Each structure stands twice: as structure tokens, then as C-alpha cells.
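**Student:** Quick one: the structure is below, questions incoming.
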Amino acid sequence: MQLVIATRNAHKLEEIRAIFDFRSLDVLSAFDFPEIPDVVEDGETFEENAVKKAVEIAKATGCWALADDSGLEVDVLGGAPGVYSARYAGEPCSYPANNEKLLRELSGETNRSARFRTVIALSDPEGKAETVSGDCPGKIIGELRGANGFGYDPLFVPNGFTETFAELDAVVKNRISHRANALKKAHAVWGAKLAAL
Ligand code: IMP
């Protein structure tokens, strides 16, 4: 049985493959199914979007599917950009434009606390899905630092560190990140089921 990771985000895919031990499972991604259209992420929560992505890809491929929906929640902005993190500065999705907008919104603000959040959904081929979540608390700094990672990584310093996610080695980010915490739970809850596929 094959498992499809329901994403065409190469950075996410690389992190998921680096963090999650898929053992002997035959793992594909949405890149292997170019004929399947992108899933429209129109849910109001990370849970809704993660389930929608996993279920649509599972039904379209006839495989089990794993999907990640993530974003950044900034306390003083009432949790924004949250579920709208990818398109915070509008279409088309641009990491530099999103980061510039976030810096503008937080200009002069002393409360910089924030967290990344990930929800992972696993769907069986019939579309029955379950979710787990993970987060990573930290703060938003006042200028871009570092070249690793993607998205808001150059602005986010996780609690307990002085470097941004974009300055930290990928091995460190993949140990402490929201995605790592969610995938650790996914492994605890679904590892045995996936190993038996
Ligand atoms: P989605 O989960 O594909 O809807 O995308 C969420 C958006 O949140 C991405 O486009 C990034 O801007 C941001 N994001 C999610 N995870 C990370 C991360 O690990 N680092 C930096 N930004 C992230």
C-alpha cells in the first residue's frame, strides 16, 4: 500500500520526510500526481484545511494520504495571519511580501509573542480522516535573519534560542518545530497502523 503526502510545497515535503520515519512504506507526494488539481484551502481552521487536503488526495489516488496545514499565530494580531498565513499579503503567495507585511503590522509593537501551529490529517482511501496537532512558541523579531527554511522562518525565534528558524540548522528546526511536534504525535498515534499497511 502506498501513502501520499498531500502537498506540492517542496520545503514542507523535505521536512516531513526528514522528521517522520516511514520505515518500509512506499511514500509518494502530490508531485507524483500532476493530473490532480490543487486542493482549494478555503477552511476557517487548520483542521478543516488539513482534513480537506488529506481526504481529497486519498479519494483521488485511492491511497492513504497525509496532509499538513500550518501557519503563524501572532498574539497581538489576534492570532493573525493564522489560517491565512500563505496569502497574508494577497495573491500570488509571496514569502518576502508576507514577511514585509508582518514587519509593518508589528512596527513599534513591544509584544512580539507568536507561535507556529501545524495540524496533520491522515485519511484512509475512502476519506475517513483523523488529526493531530503541534505547536512551537517563540517571538517575531524586527528584521529578517538567515537563509534556511521557508516562509516566516527569517522572522521567528523559537523560545529558548537566540537564532531564527532560518539561522538554525535544519536538523535543529526539525527537532523542535511545530511540524516536528505534530509528526511526533502522528507517529505515536498512527505509527503502528501505517507500518501494517
Ligand atoms: P499551508 O500550510 O500550505 O496553508 O501554508 C502555510 C503558510 O504558513 C506557508 O505558506 C508559510 O508562509 C507558513 N508556514 C508554515 N510552516 C512554516 C514553517 O515551518 N516556517 C515558516 N513558515 C511556515
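Nothing in this text is a laboratory measurement; each read-out follows from the coordinates by a stated rule. As the structure is a prediction and not an experimental result, all values here were calculated from the model. Neighbour counts are summed over all protein chains in view; Cβ atoms, including those assigned to glycine, are modelled from backbone coordinates with ideal geometry.
**Student:** Would you confirm, using the coordinates I've provided, whether Leu66 is within 17 Å of the chain's Cα centre (by Cα), part of a strand (DSSP E or B), of a type in the set (A, V, I, L, M) and surrounded by 15 or more Cβ atoms within 10 Å (Cβ to Cβ)?
**Tutor:** Considered against the rule, which asks whether it is within 17 Å of the chain's Cα centre (by Cα), part of a strand (DSSP E or B), of a type in the set (A, V, I, L, M) and surrounded by 15 or more Cβ atoms within 10 Å (Cβ to Cβ), Leu66 comes out as yes.
**Student:** Considering only segment 1-44, how many residues are at positive phi and surrounded by 19 or more Cβ atoms within 10 Å (Cβ to Cβ)?
**Tutor:** 0
**Student:** Also, I was wondering about something else. So which of Glu167, Glu163, Glu143 is touching a residue at least 24 places away in the same chain (Cβ under 8 Å) and either over 21 Å from Ser94 (Cα atoms) or away from the ligand (no atom under 12 Å from the Cβ) (or both)?
**Tutor:** Selected residue: Glu143, the only one of Glu167, Glu163, Glu143 that is touching a residue at least 24 places away in the same chain (Cβ under 8 Å) and either over 21 Å from Ser94 (Cα atoms) or away from the ligand (no atom under 12 Å from the Cβ) (or both).
**Student:** Next question, about the same structure. Quick check: anything in segment 124-139 touching a residue at least 60 places away in the same chain (Cβ under 8 Å) and under 17 Å from Leu102 (Cβ atoms)?
**Tutor:** Among the residues of segment 124-139, not one is touching a residue at least 60 places away in the same chain (Cβ under 8 Å) and under 17 Å from Leu102 (Cβ atoms), which makes the answer no.
Residues checked against (1) of a type in the set (A, V, I, L, M); (2) in contact with a Cys (Cβ under 7 Å, 6 or more places away or on another chain); (3) part of a loop (DSSP other than H, G, I, E, B); (4) more than 9 Å from the ligand (Cβ to nearest atom):
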{"residue": "Glu47", "(1), (2), (3), (4)": "no, no, no, yes"}
{"residue": "Ile57", "(1), (2), (3), (4)": "yes, no, no, yes"}
{"residue": "Gly71", "(1), (2), (3), (4)": "no, no, no, no"}
{"residue": "Ser85", "(1), (2), (3), (4)": "no, no, no, no"}
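**Student:** Sticking with this structure for a sec: Do the conditions hold for Gly62, that is, is it more than 18 Å from Arg145 (Cα to Cα), among the small types (Gly, Ala, Ser) and touching a residue at least 60 places away in the same chain (Cβ under 8 Å)?
**Tutor:** Numbers: more than 18 Å from Arg145 (Cα to Cα): yes; among the small types (Gly, Ala, Ser): yes; touching a residue at least 60 places away in the same chain (Cβ under 8 Å): yes.
For Gly62, the condition - more than 18 Å from Arg145 (Cα to Cα), among the small types (Gly, Ala, Ser) and touching a residue at least 60 places away in the same chain (Cβ under 8 Å) - is met.
**Student:** For segment 28-50, which positions are closer than 23 Å to Phe150 by Cα and of a type in the set (A, V, I, L, M, F, W, C)?
**Tutor:** Leu28, Ala30, Phe31, Val39, Val40, Phe46, Ala50
**Student:** Give segment 1-39 a look and list any residue that's assigned to a loop (DSSP other than H, G, I, E, B) and either within 18 Å of Gly191 (Cβ to Cβ) or more than 11 Å from the ligand (Cβ to nearest atom) (or both), or say none.
**Tutor:** Correct list: Met1, Phe20, Asp21, Phe22, Arg23, Ser24, Leu25, Phe33, Pro34, Glu35, Ile36, Pro37.
**Student:** Restricting to segment 115-133, count the residues that are in a strand (DSSP E or B) and away from the ligand (no atom under 11 Å from the Cβ).
**Tutor:** Matching residues across segment 115-133 total 9.
**Student:** Okay, moving on. Looking only at segment 172-185, which residues are in contact (Cβ under 8 Å) with a residue 24 or more places away in the chain and either farther than 19 Å from Leu102 by Cβ or among the basic types (Lys, Arg) (or both)?
**Tutor:** Within segment 172-185, Lys173, Asn174, Ile176, Arg179, Ala180, Asn181, Ala182, Leu183, Lys184, Lys185 qualify.
**Student:** Specify the residue that is nearest to the chain's Cα centre (by Cα); the eligible residues are those in segment 45-56 that are among the charged types (D, E, K, R) and buried (at least 20 other Cβ atoms within 10 Å of the Cβ).
**Tutor:** Lys53
**Student:** Confirm whether Val51 is among the β-branched types (Val, Ile, Thr) and in a helix (DSSP H, G or I). Steps first, please.
**Tutor:** Values: among the β-branched types (Val, Ile, Thr): yes; in a helix (DSSP H, G or I): yes.
So Val51 passes the test.
**Student:** A further question on this structure: Report every pair of residues separated by at least 6 positions or lying on different chains whose Cβ atoms are under 7 Å apart, first residue within segment 68-94 and of a type in the set (D, E, K, R), second part of a strand (DSSP E or B) and near the ligand (Cβ under 8 Å from one of its atoms).
**Tutor:** Note: pairs meeting the criteria are Asp68/Thr118.
**Student:** Here's a follow-up. Can you tell me how many residues within segment 69-88 are crowded, with 21+ Cβ neighbours inside 10 Å and either more than 17 Å from the chain's Cα centre (by Cα) or among the aliphatic types (A, V, I, L, M) (or both)?
**Tutor:** So the count comes out to 3.
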